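What follows draws every value from the coordinates through simple rules; no lab data is involved. The structure presented is a predicted model; accordingly, all values stated were derived computationally and were not measured. Every residue, glycine among them, receives a Cβ derived from its backbone with ideal geometry; neighbour counts consider all protein chains shown.
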Amino acid sequence: MRRLSHAYLGLVLAFLYLPILVMVAMAFNRSALYELPFTFDLVWFRALADNQRLLAASWNSVWIAACNAVIATFLGTLAAIAFARYSFRGKQLMQLLLFPPITIPWLIIGTSMLIFFFWTGIGRGLHAILLGHVALSLPYVIVVVGARLQSFGPTLEEAAATLGATPVQTFLRVTLPMIAPGVVTAALFAFAVSFDQFVISYFLAPPGTSTLPVEIYTAIRKGFTPEINAVSSIIIVISMGLMLAVARNYRFGGD
Amino acid sequence: MSRVDVDRVSKRYGQVIALDEVTITFADGEFFGLLGPSGSGKTTLLRAIAGFVIPDHGTIAFDGEQVESVPVHRRDIGMVFQNYALFPHLTVADNIGFGLDVRHVDRSDRERRLADLLALVRLAGFGARKPRELSGGQQQRVALARALATRPRVLLLDEPLGALDRRLRQEMQVELRDIQRETGVTTIFVTHDQEEALTLSDRIAIINEGRLVQVGAPVEIYERPRSLFAARFLGDANILRGTVVDRSTLRLADGTLIRSALPAAPVAIVRPEKIAVLPAAAPAAGNVLVGEILQAVYSGASITYRIRVAALGDEPLLAFVQSASGDVLTPGAPVLARWSPEQTIPL
């Protein structure tokens, strides 16, 4: 039984990682057509270094995802605190309205954002993409940070107040350290939501600029080159490194 | 250390009146117990003094200085919460030092105060631990030390021993009492445990439905309750109803006369431990009810009898008797229940 479950988990992981591993391997293969035998070569990384379009798009993606993570985490954390610690009229309805955007297909959200941004004069561009990504990430942040806030009642904050801590001191010394793992998780989520986002970016990108997923899509349509494998490999290494570092620093769910 | 004056304080939540014109003074250095059933308003009163509840009407003053509009963090109070509310991300030392840190007390003063407090609550050497590494009783003591660290004007305790088991609870009661005496801080604590209230308090207030039922020293309230609620909430009581015959006599439904030292009233009580249970043939003076044993519960030092008495109808008479001889009367045995007129308490 034990061996069986071992094998099963191995299969699940293989299912997840095999395509990625193949892609990474091919980034280092000389052949452009996935031909074997495998010949190690850094030719595609050199090609990538010369591909200004792909590099610019990567830079846009990282920059937007980072800004999105900061903005969405900040705004979402404040909203989560309002939901968890204060009572006001219409709170339940507002909380309920957080979830539908998660289930509405991106294609529809993207279209509606395009129309809305056009209509309000916000237009297209990196600022519009960032705005769209923040809107998309907010529900995730609020849910993740909110769950963390729910895990301890307002009593800790009340205790801090009785000890003479001002509301700001209470937030910095008690609330924030308590929700820190949730905030970091939320920021990663927001980063990932933005970094992965294709449809909205595609709709809101003006001609000439784009994000990495959009650029990869465009490149594939024009004809696949293994530079895509190369850039993807770099991204995979960076994001997995990030996740592992965070997982090491924070035992999620614990104190 | 402060005197706390609560003057005609009312608080209402929708249709529910949590506090109804409560007026009470907590003397400087007093250990005061607020006792009442759940939902009686005792916690609301404590939280109003802390500043978490803003009264609809009335005033609260520390040493004559009104505080209703002073926010919690500027009231200079210490509070121990029911589940201690220790900061799990901080060490024991940083928990206790929290109040000093937010006031930017300088390092050497902080360390000195910390050492004193750890010694006071017998936790020297535990400073570097996290709260989750401590037992319930130790956590309770950290919470107490934390609340005392800033030398608050008033110490508020919300069911402080509620989460401990019986044995530890009794130990902590003694310890709490000692620490309170040592620091001399005005202490107000909420409990629904009558034994805790009796053991710890200089004075007790019994609260019900947002109102003060009775305020007084434990002995005073126990020996001389002024209402049926106070009589039954603090201790057990046998209730005698009848008609007043003269200044010191109450006639029960069957004609039995009950004498009291105090002026008679239509309702009187007698505490179960004041009643002597005698064989039916014994000569008896004072108040005597004739009955038969319904149930006898032997618990070592004492015996609890339920006695069927015609004069009281269906309600059996409760009597706690010291088991000096070791003999236990059996159900069905005819007995006399006797007590002196001084022990009849007209309400």
Note on segment A:49-249: contact order normalised by length, alpha-carbon pairs under 8 Å, 6 or more apart, percent, works out to 35
Each residue of B:99-111 has, on average, a number of other protein chain C-beta atoms within 10 Å of its C-beta equal to 2
Amide H neighbours of B:Ala18 under 5 Å, counting only residues 5+ apart in sequence or on other chains, H built in-plane at 1.01 Å?
-> B:Lys11, B:Arg12, B:Tyr13
Calculate for chain B the 222 nm mean residue ellipticity that helices alone would give, adding -39,500 (n - 2.57) per DSSP H run of length 4 or more and normalising by residue count, nearest 500 deg cm²/dmol.
-> -7000 deg cm²/dmol
State whether chain B is rounded, prolate or oblate according to the following rule on the C-alpha gyration tensor (a ≥ b ≥ c being the square roots of its eigenvalues): a/c under 1.5 gives rounded; otherwise a/b larger than b/c gives prolate, and the remaining case gives oblate.
-> prolate
Per residue of B:66-76, what is the mean number of Cβ atoms on other protein chains within 10 angstrom of that residue's Cβ?
-> 3
If Lys and Arg each add +1 and Asp and Glu each add -1, what is the summed charge of the other residues whose beta carbon sits under 15 Å from the beta carbon of B:Ala296?
-> 0
Applying the span-like rule to chain A (DSSP H, Cα extent along axis at least 27 Å, Kyte-Doolittle mean at least 1.0) gives A:2-27, A:52-85, A:126-150, A:176-196, A:227-249
Assuming R0 = 35 Å, what is the FRET efficiency of B:Ala261 and B:Ser10, from their Cβ-Cβ distance, to the nearest 0.05?
-> 0.35
How high is the relative contact order of chain B, in percent, counting Cα pairs under 8 Å that sit 6 or more residues apart?
-> 16
Identify the residues of segment B:251-290 with backbone N under 15 Å of a label point that sits 7 angstrom from the Cα of B:Val245 along the Cα-to-Cβ direction, or state none.
-> B:251-261, B:264-266, B:286-290
Name the most mobile residue of A:Ala66, A:Ala14, A:Ala165, meaning the one with the largest mean-square fluctuation, in a Gaussian network model of chain A with Cα contacts below 10 Å.
-> A:Ala14
Any aspartates and glutamates whose Cα falls less than 20 Å from that of B:Lys274, other than same-chain ones fewer than 8 residues away, would be B:Glu195, B:Glu220, B:Glu223, B:Asp236, B:Glu292, B:Glu315, B:Asp327, B:Glu342
Would you please classify the overall shape of segment B:44-202 from the alpha carbon gyration tensor, given that a ≥ b ≥ c denote the square roots of the eigenvalues, rounded means a/c under 1.5, and beyond that prolate means a/b larger than b/c while oblate covers the rest?
-> oblate
Most fluctuating of A:Gly182, A:Gly123, A:Gly208 in the GNM of chain A (C-alpha, under 10 Å) is A:Gly208
All lysines inside 25 Å of B:Lys11 as judged from Cα atoms, apart from same-chain residues fewer than 8 positions distant = A:Lys91, B:Lys42
If you find the alpha carbon centre of segment A:1-71 and of segment B:191-229, how far apart are they in angstrom?
-> 74
A:Ile234 and A:Phe88 label points (each 7 Å along its Cα→Cβ direction) are spaced in nm at 4.4
Interchain or sequence-distant (5+) residues whose placed amide H lies within less than 5 Å of the amide H of B:Val245 are B:Leu250, B:Arg251
Of A:Tyr34, A:Tyr140, A:Tyr202, which has the largest mean-square fluctuation in a 10 Å C-alpha GNM of chain A?
-> A:Tyr34
